[in-house]
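Some notes on the structure that comes next.
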Amino acid sequence: MQSYDAIVIGAGVIGSSVAYHLARLGAGKVLVLDRSQIGSGTSTQSSGILRTHYSVIENVELAKRSWSVFNDFAGYLGDEEASAGLVKCGYLICAPEGPKLEPLRAALAGQVAMGIRVDLIDQAQASALLPIAQFDDAVLMGYEPEAGFADAYLVATGFARAARRQGVKIMEGVNVERLLMDGGRVVGVETSQGTFHSNTVISTQNIWAGDIERWTGVPTPVKAERHAVLALEGPEAYSFQMPVFKDLGSPGMLYCRSYGGNQMLVSEGTVGETLAVPDNEQGDISMDYVVEVGEQVAERFPSFGEAGLASSWTGVYDVTPDWNPVLGRLPDVPGLVVGYGFSGHGFKLSPGVGLVLAQEALGLPTDVSLAPYAHERFRSGNLLTGRYGLGAVS
Ligand SMILES: Cc1cc2nc3c(=O)[nH]c(=O)nc-3n(C[C@H](O)[C@H](O)[C@H](O)COP(=O)(O)OP(=O)(O)OC[C@H]3O[C@@H](n4cnc5c(N)ncnc54)[C@H](O)[C@@H]3O)c2cc1C
């Protein structure tokens, strides 16, 4: 049996980040196991939006630290060829009169209190930033210039490559079948390619985190929820210079961004379709659904009443009851650290989460407290539910 100082299960954007940070912190021999390939889980399906806007203040801190990594990904990794595919176009969020107004006001104030630049802008300024949209109903708008979108696959493979350069071993096509336990603590993993020993195992399995419950008996409050993403081609371009846009006034709390510099990527920020079995295969998108989203888009972007559907795909979120992740040790299972339940907003947190999970696994103080993200919160009822209600804006 081969021995390691730490084993990471899953090589998505979170697991790859954990592996890189373990190596950076001098963890010793590190092994990453993925049943598929680096970044080929739900990370490849990400819309890639990066912002620090959150109504949950703990997330603002993690997102802020993560943004500084995305903003200089090559420098952070010490790999001049690394790229996050960052498009730094800013993030614009708006609310009309109604229930989302005060939550938006409070969230913007929270960002400012954390030292983040957020401009409160009027309709004319919003139109200058995003001339293809109309803002007649908007009464509060915030613009975050240090934001945009990037490519989660590039980031996962960038972290993985940097980890490998520091000696981390990454094995693809290896399914972890169970945890090995001795005296009530984790001592390794049994896989489709044999057993590997370690007293420290970090699970970053996303929608497949239910494995933890099967292996340990500790409930895993996560469900797999499918969401649809559309790429629309309108008569006017949604260019790379135009900001990501979050529309709290639309029924689906739409988010939109440039796709390829011309088309619009759009998706709803509400609850999706729960899957009976975790699976990131493509699902069907009905024409009724396309029309429903298209009508909401046309309300905000009038010329998109003429838009055509260029492409569409589905992706699956690992959703917890409060739409926020579980990060840290499972007290009932010594030796196991988990990071799952990112509920559709984990990419923008991935550098910061990778660092703090690696610190936790090594018994170091964490740069950001993991206490609010503890699994225990589902027992205590001390949930991290955001002011916007359930949804990935959190
Ligand atoms: C449609 C969509 C849009 C999104 N948009 C955004 C966005 O705009 N901004 C944002 O911040 N976030 C967004 N997200 C969320 C973000 O992409 C995810 O939170 C993040 O990519 C999750 O990374 P991960 O490493 O946890 O999961 P994954 O990439 O799914 O990786 C988990 C890995 O674990 C492996 N694995 C699982 N079980 C086992 C096992 N037993 N043995 C071996 N390997 C195993 C899998 O093969 C997989 O590779 C979006 C997600 C989706 C689906």
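Computed from the coordinates by the stated procedures, all read-outs in this text should not be read as laboratory data. Keep in mind the model is a prediction, meaning the values are calculated, not measured. Note that we place each Cβ from the backbone using ideal geometry, even for glycine, and neighbour counts take in every protein chain shown.
Note down the Stokes-Einstein diffusion coefficient of the chain in µm²/s, whole number, using a Kirkwood radius over alpha carbon pairs, 25 °C, and 0.890 mPa s. Kindly include the intermediate steps, with their values, before the conclusion.
Values: Rh = 21.3 Å.
After rounding, the answer is 115 µm²/s.
Contour minus end-to-end for Ser83 and Thr385, with contour as 0.36 nm per residue of separation and end-to-end as the Cα-Cα distance? Walk me through the numbers before you get to the answer.
On the way: separation 302, 0.36 × 302 = 108.72 nm, distance 3.30 nm.
The Ser83-Thr385 span can extend by a further 105.4 nm.
With only alpha-carbon atoms counted, please give the Rg and Dmax of the range 39-89, in Å.
Final numbers for Rg and Dmax: 12.4, 35 Å.
Rg/Rh for the range 328-394 to two decimals, with Rh computed the Kirkwood way over all alpha-carbon pairs. Kindly include the intermediate steps, with their values, before the conclusion.
Numbers: Rg = 12.6 Å, Rh = 13.0 Å.
Computed over Cα atoms, the ratio is 0.96.
Straight-line reach from Lys223: which lysines have a Cα under 25 Å away, not including same-chain ones fewer than 8 places off?
The qualifying lysines are Lys246, Lys348.
Excluding Leu248 itself, calculate the net charge of residues whose Cβ lies under 14 Å from the Cβ of Leu248, where each Lys or Arg counts +1 and each Asp or Glu counts -1. Present the calculation step by step, with values, prior to reporting the outcome.
Details: positive: Arg51, Lys100, Arg105, Lys246, Arg300, Arg387; negative: Glu97, Glu102, Asp137, Asp247, Glu268, Glu299.
Combined, the nearby Lys, Arg, Asp and Glu give 0.
For the range 43-112, what does the relative contact order come out to in percent, with C-alpha contacts under 8 Å and a separation of six or more?
Rounded, it is 39 percent for the range 43-112.
Checking the a/c ratio against 1.5 first, then a/b against b/c, what shape does the Cα gyration tensor give for the range 121-256? Please list the in-between numbers first.
On the way: a/c = 3.27, a/b = 2.35, b/c = 1.39.
Prolate, because a/c is 1.5 or more and a/b exceeds b/c.
Quick one: check the C-alpha center-to-center distance for the range 277-326 versus the range 98-123, whole angstrom.
Centre-to-centre (Cα) distance: 26 Å.
Normalised by the number of residues in the range 126-240, what is the relative contact order in percent for Cα pairs under 8 Å and 6+ residues apart?
Worked out over the range 126-240, it gives 13 percent.
Stick to Cα atoms and the Kirkwood definition of Rh, then tell me Rg/Rh for the range 69-198.
Result for the range 69-198 is an Rg/Rh of 1.20.
State the answer as a single residue: which of Ser55, Leu129, Ala307 lies farthest towards the positive end of the charge dipole of the chain, with beta carbon charges of +1 for Lys and Arg and -1 for Asp and Glu, about the Cα centre.
Ranked along the dipole, the leading option is Ser55.
Picking from Ser250, Tyr238, Met287, whose Cα lies most toward the positive end of the charge dipole for the range 233-302 (charges on Cβ: Lys, Arg +1; Asp, Glu -1)?
Value computed over the given set: Tyr238.
Rounded to whole Å and ordered largest first, report the semi-axes of the equivalent ellipsoid of the range 278-394 derived from its Cα gyration tensor (root of 5λ). Show your work: numbers first, answer last.
Details: eigenvalues 269, 46, 39 Å².
Calculated on Cα positions only, the semi-axes equal 37, 15, 14 Å.
In whole angstrom, how far apart do the alpha carbon centroids of the range 7-41 and the range 201-252 sit?
Taking the Cα centre of each part, the range 7-41 and the range 201-252 sit 21 Å apart.
With only Lys, Arg, Asp and Glu charged, each at its Cβ (+1 for the first two, -1 for the last two), find how big the charge dipole of the chain is about the Cα centre; round to the nearest 20 debye.
Computed charge dipole of the chain: roughly 1280 debye.
Within 10 Å, count the other beta carbons around each residue, average over each peptide in 40-51, 63-74, 86-97, and list them highest first.
Ranked by mean Cβ neighbours within 10 Å, highest first: 40-51, 86-97, 63-74.
Can you classify the range 209-359 as rounded, prolate or oblate using the Cα gyration tensor, where a ≥ b ≥ c are the square roots of its eigenvalues, rounded means a/c under 1.5, and otherwise it's prolate if a/b beats b/c and oblate if not? Write down the numbers at each step before the final one.
Details: a/c = 2.95, a/b = 2.03, b/c = 1.45.
In terms of gyration-tensor shape, prolate.
Before rounding to the nearest 500, sum -39500 (n - 2.57) across all DSSP H runs of length at least 4 in the chain and divide by the residue total; then give [θ] at 222 nm in deg cm²/dmol.
On the way: 10 runs with 102 residues, N = 394.
Value at 222 nm, helices only: -7500 deg cm²/dmol.
With a/c under 1.5 counting as rounded, go ahead and sort the range 10-103 into rounded, prolate or oblate using the C-alpha gyration tensor (a ≥ b ≥ c being the square roots of the eigenvalues; past the cut-off, prolate if a/b is larger than b/c, else oblate).
prolate
Go through 230-237, 197-204 and give me the packing order, highest mean Cβ count within 10 Å leading.
Order by mean packing, descending: 197-204, 230-237.
Output wanted: per-residue J couplings in Hz (rounded whole) for the range 30-37, from phi through Karplus 6.51 cos²θ - 1.76 cosθ + 1.60, θ = phi - 60°, x for Gly and Pro.
Once θ is set to phi - 60°, the couplings for the range 30-37 become 10, 10, 10, 10, 9, 6, 10, 10 Hz.
Just add up the charged neighbours of Ser3: K/R +1, D/E -1, any other residue whose Cβ is under 14 Å from the Cβ of Ser3.
Net charge in that neighbourhood comes out at 0.
Explain nothing, just the number: relative contact order of the chain, from Cα pairs under 8 Å at least 6 residues apart, as a whole percent.
Relative CO of the chain lands at 23 percent.
Among residues other than Val189 whose Cβ falls under 9 Å from its Cβ, what is the net charge (Lys/Arg +1, Asp/Glu -1)?
-1
So if I restrict to the alpha-carbon atoms in the range 165-215, what is the Rg, and what is Dmax, the biggest pairwise distance, in Å?
11.6, 35
Per residue of the range 237-248, in order, report the coupling 6.51 cos²θ - 1.76 cosθ + 1.60 (Karplus, θ = phi - 60°) as ³J(HN,Hα) in whole Hz, putting x for Gly and Pro.
6, 9, 7, 4, 6, 7, x, 4, 10, 10, 10, 6
Karplus couplings for the range 202-219 from phi (6.51 cos²θ - 1.76 cosθ + 1.60, θ = phi - 60°), rounded to Hz, Gly and Pro as x?
10, 9, 10, 9, 6, 5, 9, 5, x, 3, 4, 5, 5, 7, 10, x, 7, x
For the range 330-394, give the magnitude of the charge dipole about the Cα centre (Cβ charges: +1 Lys/Arg, -1 Asp/Glu; no others), in debye to the nearest 20.
Computed about the Cα centre, the dipole is about 260 debye.
Under 18 Å from a label point 7 Å along Cα→Cβ of Asp72: give me every residue in the range 132-154 with its amide N that close.
Only 146-147 pass the distance filter.
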